[in-house]
Amino acid sequence: MTEEFKKKAVDAVRDFGWPRIIIFLFVLLLFIVAPFVGVRVDTSISDVLIRFGQNGVMVLALVPMMQAGAGLNFGLPVGIIAGLLGATLSVQFGLTGWIGFTGAIGLCLPFAIVFGLLYGMLLNKVKGEEMTIAMYVGFSIVTFMSILWIVLPYTNPTMVWGYSGTGLRTTITLDGYWTKILNDFLVIRIGSNFTLPTGAILFFALAAFAMWLFMHSRTGTALTAVGSNPDFARASGVSADRMRIASVVVSSVYGALGIL
């Protein structure tokens, strides 16, 4: 029994992977040390849960690109820009509460889809050089949008510079619009320091379920086939280029949702 248990334990460790175990032990060590350096454990756990809900969707954005064999995060830069456009337009129109948040989602989706299509088409033209092109596009789009944020005709006084009345501020507050709307939805508070952001976790769970449905759909299966064996997928009548574009579009959409 002991030998069998040892074998199962070794297999479990091998399957889980030492990198994950080391990360888990490091995080556990941080929580153990926290009280000795004046950091409250309940506050730290609450912050971790909030960050998990906020960043989880961004992590999901990596899945389609990896499954299609197109890379890790090529869809994220354009998706983030699309999300920021949707958010700023929602504030510009004065939308508040759930209307403001859902309005930001509705406004960012067309941008994310169009940007994803164009970016996917570009990546198909430079196969084998995706990493280089992605780096240039990432830097270029940030620079381009830094200029565009100045010249776009935003007029909401909470966003534009007060002196000139044009150009977006470097920091825009969502107070009075839809700040922390997911974190505060069905929130569970225990004491004065622990907060369970139920809404953000539910939003992540919904996004994860939608991703699971997509990856198990006909398109998702074809996308995975392209990433696993492009030649076999092509022989089966699957267009590798279309699947790569689809992966970039989905990644861009999730990137846009995640930044909100």
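Annotations for the structure displayed:
- Residues within region 100-152 that are acidic (D, E) and not in a helix (DSSP H, G or I), tallied: 1
- Inter-residue pairs, beta-carbon under 6 Å, first touching a residue at least 40 places away in the same chain (Cβ under 8 Å) and in region 29-44, second of a type in the set (S, T, N, Q), 6+ apart: R40/N193; D42/N193; T43/N193
- Some residue of region 186-201 being more than 14 Å from L49 (Cβ to Cβ) and touching a Pro at 6+ places or on another chain (Cβ under 9 Å): no
- Scanning region 25-51 for residues that are among the hydroxyl-bearing types (S, T, Y) and either closer than 20 Å to G199 by Cβ or touching a Pro at 6+ places or on another chain (Cβ under 7 Å) (or both) gives T43, S46.
- Wholly enclosed helices (runs of 4 or more DSSP H) of region 189-260 bearing at least 1 residues in contact with a strand residue (DSSP E or B) (Cβ under 9 Å, 6 or more places away or on another chain): 198-215
- Taking the listed residues T179, T155, T166, the one that is closer than 23 Å to A256 by Cβ, of a type in the set (V, I, T) and either surrounded by fewer than 18 Cβ atoms within 10 Å (Cβ to Cβ) or without any contact (Cβ under 8 Å) to a residue 40 or more places away in the chain (or both) is T179, with no other qualifying.
- Within region 64-81, restricting attention to residues that are outside any helix (DSSP H, G or I) and touching a Ser or Thr at 6+ places or on another chain (Cβ under 6 Å), the residue that is modelled with the lowest pLDDT is G75.
The values are calculated or read from the model by the stated rules, or taken from the named source; none is laboratory data. What you are looking at is a predicted structure, and each value in this text was computed from that prediction instead of being measured. Cβ: placed from backbone, ideal geometry, glycine included. Neighbour counts: every protein chain shown.
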